[in-house]
Each structure stands twice: as C-alpha cells, then as structure tokens.
1. Quick one: which helices (runs of 4 or more DSSP H) lie wholly within segment 374-458 and hold at least 1 residues that are within 24 Å of the chain's Cα centre (by Cα) and surrounded by 17 or more Cβ atoms within 10 Å (Cβ to Cβ)?
2. Which one of these is more than 13 Å from the ligand (Cβ to nearest atom) and touching an Asp or Glu at 6+ places or on another chain (Cβ under 9 Å): Arg219, Arg199?
3. Which one of Ala29, Ala35 is within 16 Å of the ligand (Cβ to nearest atom), more than 25 Å from Gly142 (Cα to Cα) and modelled with pLDDT of 95 or more?
4. Answer yes if at least one residue in segment 73-86 is surrounded by 21 or more Cβ atoms within 10 Å (Cβ to Cβ), assigned to a loop (DSSP other than H, G, I, E, B) and within 15 Å of the ligand (Cβ to nearest atom), and no otherwise.
5. Among the residues of segment 267-281, is there at least one that is in contact with a strand residue (DSSP E or B) (Cβ under 7 Å, 6 or more places away or on another chain) and not in a loop (DSSP other than H, G, I, E, B)?
6. Taking the criterion of being within 26 Å of Gln27 (Cβ to Cβ), over 23 Å from the mean Cα position of the chain (by Cα) and within 15 Å of the ligand (Cβ to nearest atom), would at least one residue in segment 147-165 satisfy it?
7. What is the residue count in segment 172-191 for residues that are among the polar types (S, T, N, Q) and either in contact with an Asp or Glu (Cβ under 8 Å, 6 or more places away or on another chain) or closer than 20 Å to Gly31 by Cα (or both)?
8. Kindly establish whether Ala115 is within 13 Å of the ligand (Cβ to nearest atom) and either on the phi > 0 side of the Ramachandran plot or assigned to a helix (DSSP H, G or I) (or both).
Amino acid sequence: MNDILNELESRRAAARLGGGQARIDAQHARGKLTARERIELLLDEGSFEEWDMFVTHRATEFGMERDRPAGDGVVTGWGTVNGRLTYVFSQDFTVFGGSLSETHAQKICKIMDMAMRNGAPVVGINDSGGARIQEGVASLAGYAEVFQRNVLASGVVPQISLVMGPCAGGAVYSPAMTDFILMVKDTSYMFVTGPEVVRTVTNEVVTAEELGGALTHTRRSSVADAAFDNDVECIAEARRLLDFLPLSNRSGVPRRPFFDDPAREEPSLDTLIPENAGTPYDMRELILKVADEGDLYEIQAEFAKNILTGFIRLEGSTIGVVANQPTHLAGCLDIDASRKAARFVRFCDAFEIPLLTFVDVPGFLPGTAQEYGGIIKHGAKLLFAYAEATVPKVTVITRKAYGGAYDVMASKHLRGDLNYAWPTAEIAVMGAKGAVEILHRAERGDPERIAQRTADYEARFANPFVAAERGFIDEVIRPRNTRRRVARAFAMLRHKKLENPWKKHDNIPL
Ligand code: HXC
C-alpha cells in the first residue's frame with residue numbers, strides 16, 4: 001500500500017513541477033507567476049480541487065511521444081472565491097509554452113461543461129503560445145471546441161478571462177467571447193497576427209506591446225476591460241469582480257451583509273450640479289455617494305470616459321450602474337460610449353442584475369467622424385439593449401436629458417420602472433440656445449431678442465416638470481435623498497416579472 005501511495009505522491013510532485021524548475025524560474029524572472037501560483041491566489045485558501053492532473057497528450061509526431069508531461073500544459077479544477085463556487089483553468093507556460101493541444105482543450109472543455117451544468121462562473125487564465133504546432137489540425141479542433149462552449153455558456157454563467165501572457169492567433173477569440181477580460185501591463189498581449197506578420201503584410205513596424213498590450217486594449221481597442229500592474233493585483237481584482245457577479249443566470253444576484261444605512265442622506269449632493277449648465281461635474285461622486293460603502297467596480301474605466309459603467313451594491317445586492325460623465329465630451333453619447341454601455345446593459349440583463357442609470361446627456365456627438373463611423377447603428381445598440389432589458393430599471397436624471405439621448409438612457413418609454421429627476425433636470429428636445437436659433441432664425445441679428453427668447457425657452461423647458469406633468473418622470477426628488485429613493489425603488493422591484501415575446505433570438509444591430 002505504501003508503494004502505491006508513494007507512487008501517487010511522486011506522480012503528483014512531477015505534475016506540479018510542470019515544465020521543470022528552470023522554466024519556472026524563467027517565468028518568475030519575467031515577473032509572472034506560474035499557473036498553480038495564480039490559482040492559489042485566485043481561490044480561497046485550500047479550496048482548490050484539481051482534475052485531470054495526469055492527463056498527457058497523445059501526439060507522436062516530432063518526437064512528442066518522448067515528452068509527455070503530466071497535465072499537458074493546463075491546470076484545471078474548481079474551488080471557491082469568498083466561499084462561492086468557481087471553476088478555473090490556468091495555462092502553464094512552462095509546458096510547451098502553454099500551447100493548446102487536443103487533450104489540453106479537452107481539459108478546458110470538461111471544466112466548462114461542468115460549470116454550465118452546475119451554474120457557476122469560469123475563470124480562464126491565459127498564458128499560451130497558441131495552437132500546439134506539433135499537433136496541427138487536432139489543436140485547431142480543440143480551440144473550436146472551446147469556442148463553441150464559450151458561446152453556449154454566454155449568458156448562462158459568467159466567464160472571465162485573465163490574460164497573463166501571450167495570447168495570439170485565433171486563440172484570442174476564446175477570451176473575446178467571454179464577459180470580461182483583465183490584462184497585466186507589460187507581460188500580456190493579445191493579437192490576431194503578431195508584429196512580424198504585420199511588418200510583412202502591411203509594412204507597419206510595431207512592438208508587441210503597442211500592437212496588443214494591456215494599454216492598447218483598455219484604451220484604444222476596448223477589447224479588454226481593465227489593466228493591472230502585475231499578476232497579484234490582477235487576480236485580486238478578479239476576485240473582487242466575482243464578488244459582484246451572480247453564479248449563473250438563474251441564481252439571482254449575490255446578497256451580502258451591509259453596514260451602510262440605505263436611508264443615508266448626502267446633503268452635499270444638493271449642490272453637486274454647478275450653477276452654470278455648461279460647467280462639468282464628476283458623476284463618479286454621485287455614484288460613490290449612492291453606493292453601499294462607496295464601493296464601485298468600474299468596467300472599462302479607461303475607454304469612452306464619457307460614460308461610466310460598473311457594479312455597486314444597494315442594501316448588499318449587486319446593481320449595474322450606467323452614467324453619463326459630464327467631465328468628458330460633456331457626457332455626449334458617441335460610438336464608443338454606446339458600444340461600451342450597450343454591452344454592459346446586456347450583460348446585466350442576461351444575469352438578472354438590476355440597472356441604475358444616471359442621466360446627464362446633451363445628446364449624440366455630432367460630426368462626420370461619428371456619422372461615417374456608423375453612430376446610427378452603434379447608438380441603436382444602446383437603445384436596443386435598454387429596450388429589451390427586463391430587469392428592474394431605475395433612472396435618475398440629474399441635469400440634461402436632451403433629444404434622442406433622453407429616450408435612449410432608460411427612459412420611461414423604454415420600460416423604465418421608476419424614473420426620477422432632480423429639480424435641476426432639463427428634459428427637452430435640445431438645449432435652449434440651439435432651439436432658439438432654429439425656431440427664431442429671423443431674429444439672429446438681434447442679440448437682445450435672442451437672449452429674451454432663450455430665457456423664455458429655459459423657463460418653459462429647462463426643468464423636470466413638463467415631463468413630470470405627463471408622468472414621464474415618476475417623481476422629482478431631492479438630490480440628498482437619492483440613495484434612499486433608489487434603494488427603496490429596487491427593494492420594491494425585487495420580484496418584478498416581465499417577459500419579452502418568444503423569439504429564437506433578436507437581431508440587435510451589430
Ligand atoms: C508548441 C510552443 C508553442 C506552440 C511556444 N512553444 N509556442 N510549442 N506550440 N505554439 C514552446 C517553445 O518551443 C518553447 O519550448 C517554449 O514554448 C517557450 O517558448 P519561447 O519561444 O522560448 O518563449 P518566448 O520567447 O517567451 O516566446 C513566446 C511566444 C513564442 C511569443 C509565444 O513562443 C511564439 O511566438 N510561439 C509561437 C506562437 C504561434 O505562432 N502560435 C501559433 C499561433 S496560431 P522550450 O522547450 O524551448 O521551452 C494559433 C491558431 C489558433 O494559435 C487557431 C484557433 C482557431
């Protein structure tokens with residue numbers, strides 16, 4: 001018996017060593033953790049249960065039959081994150097560069113199938129040279145099996161990708177189909193074709209970092225949701241994100257004890273809106289003052305800063321927040337902001353996370369760049385996302401709600417459940433200046449008359465009461481009471497039932 005136990009332990013020890021100490025040291029020298037160290041940090045201490053530790057590849061070309069390390073370059077299993085079930089796979093760069101073989105893919109698929117059946121998130125830690133070259137089409141088939149599962153799992157269980165090393169070729173499409181991508185600065189990159197191919201085909205000279213580094217993907221392409229300084233920080237933030245997310249589309253949002261009075265007043269909010277309607281203010285301040293314990297997990301903080309998206313808690317339950325940000329582009333909706341917010345709204349709706357929308361929007365951004373870029377189609381994504389969402393929707397208009405953007409931002413007409421406005425709200429087809437210029441074009445040469453007309457328009461339309469008189473605004477609320485009003489609204493909506501008509505799926509303007 002002892003012999004058998006010894007063999008088990010020695011096999012385990014060999015598997016844990018992956019591609020060997022020298023390659024582990026090389027991984028550390030680059031500032032990267034190993035696949036197992038990453039899992040240890042991600043999961044609660046001692047909670048990891050590993051599967052398929054002894055799986056080896058079956059390839060025989062290129063002398064591969066003589067090199068069959070246990071585990072085949074990916075560590076898989078399950079554990080808990082703050083006590084909640086989570087499935088994980090972590091590619092081991094020390095074994096054939098973490099490249100994906102047929103059996104490596106099978107291990108990942110096993111995790112994903114189990115996650116779907118049992119209703120819990122999948123965290124994929126990517127650190128891989130892509131398809132295992134020695135296995136040819138078998139490894140491409142493996143990728144496609146993973147892709148297929150990413151799609152089936154989308155909207156069923158949350159999928160989070162941590163990109164912590166190279167991620168190239170078609171391999172980027174698995175993370176791309178997951179819900180969130182977190183990257184590490186300077187050590188991770190994602191691209192469909194690397195710098196060498198780019199140079200050959202387009203004559204562009206670009207570094208891997210410029211082409212597909214963490215800053216490129218969080219600031220320019222919006223492929224990734226956040227970038228962190230190192231593996232430890234990235235994993236800690238992944239844990240924090242998981243804390244906000246439901247386990248599945250059927251589990252409901254997590255509820256946890258809260259120590260922040262839901263009726264807390266914030267007198268400072270009464271003066272948040274500047275006297276001059278053109279002066280910006282930081283919408284983040286409002287979100288932080290409304291949220292339990294001022295805790296906001298922002299998604300895509302570095303991209304399309306004119307709209308804020310993220311998770312907060314109210315009375316301990318997760319709420320998705322979307323808010324125009326007047327400090328950037330005056331909070332206008334443009335292509336990037338519409339796409340960013342639409343994807344976030346759809347994630348929340350898929351996972352039954354209620355939506356809180358703060359509105360201060362002067363309209364859609366004008367210009368040829370926007371029109372040629374297809375703002376009509378991209379803006380429609382956000383409109384579509386809000387309109388199809390059946391989760392509880394609470395909206396607060398703080399200042400401007402002009403034109404089509406008023407309709408889009410979770411208005412009453414898109415089945416907003418409770419639509420509040422601050423007394424400072426201005427709900428109109430457009431701002432006073434623009435409106436007067438169009439309505440009274442003939443009087444342009446008379447500044448006094450125009451000033452009078454503008455003042456008249458402001459008095460008539462730059463307020464929340466015209467909309468409130470029609471019931472488009474349910475109540476005009478004191479800014480200082482926003483947390484209480486919103487928290488009570490979501491509590492009232494907790495058992496909301498609303499279904500869209502049956503369809504195979506919709507046809508959102510992609
Ligand atoms: C097999 C691989 C490998 C791969 C790396 N290795 N990539 N083995 N298949 N795809 C092995 C190396 O031989 C090496 O083994 C070890 O991993 C570490 O690689 P290095 O090159 O020494 O490391 P580094 O200098 O850090 O460079 C990492 C790298 C580079 C940038 C990932 O290895 C690289 O460019 N690899 C090839 C990438 C690629 O073209 N993949 C195919 C993409 S196409 P030893 O034994 O020396 O330690 C693709 C299609 C997917 O993925 C399609 C899905 C639809």
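The values are calculated or read from the model by the stated rules, or taken from the named source; none is laboratory data. Small disclaimer: the values here were computed from a predicted structure and weren't measured. No Cβ is skipped: glycine too gets one built from the backbone with ideal geometry, and neighbour counts run over all protein chains shown.
1. Numbers: elements: 375-388, 403-408, 432-439.
Here the list reads 375-388, 403-408.
2. Arg219
3. The unique qualifying residue is Ala29.
4. Among the residues of segment 73-86, at least one is surrounded by 21 or more Cβ atoms within 10 Å (Cβ to Cβ), assigned to a loop (DSSP other than H, G, I, E, B) and within 15 Å of the ligand (Cβ to nearest atom), which makes the answer yes.
5. Within segment 267-281, not a single residue is in contact with a strand residue (DSSP E or B) (Cβ under 7 Å, 6 or more places away or on another chain) and not in a loop (DSSP other than H, G, I, E, B).
6. So far as segment 147-165 goes, no, none of its residues is within 26 Å of Gln27 (Cβ to Cβ), over 23 Å from the mean Cα position of the chain (by Cα) and within 15 Å of the ligand (Cβ to nearest atom).
7. Qualifying residue count, segment 172-191: 2.
8. So Ala115 does not fit the description; no.
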